[in-house]
1. Among the residues of region 38-73 satisfying the criterion of being among the charged types (D, E, K, R), farther than 16 Å from Asn9 by Cα and touching a residue at least 12 places away in the same chain (Cβ under 8 Å), which is surrounded by the fewest Cβ atoms within 10 Å (Cβ to Cβ)?
2. Among the residues of region 1-37 satisfying the criterion of being aliphatic (A, V, I, L, M) and touching a residue at least 24 places away in the same chain (Cβ under 8 Å), which is surrounded by the most Cβ atoms within 10 Å (Cβ to Cβ)?
Amino acid sequence: MKQFTFRLNLSRDEILLMYQGHARRLVVRSEQGLTLELGLDKIRPFVDQEGVRGRFLLKTQDDHRFIGLERIN
């Protein structure tokens, strides 16, 4: 298993644009210096009225298949 941490700070308006079809995937830079690509469905549980903010832990299998995502603030 591999683990990566990253921060998100997306406003409500930015999230709305994504969900209106302007993007399908989210690209972030991990704190480990790697570029990560996530489907928008992976961050949906963390979106609130303000958007999505916080520090996150992404867990993947060794071949980079998604296991889970959690907010770790």
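1. Per the stated criteria, the residue is Asp62.
2. Ile15
Readers should treat all values here as calculations from the given coordinates under stated rules, not as data from a laboratory. Since we're looking at a predicted model, the values are computed, not measured. Counting neighbours? That spans all protein chains shown, and the Cβs are built from the backbone with ideal geometry, glycine included.
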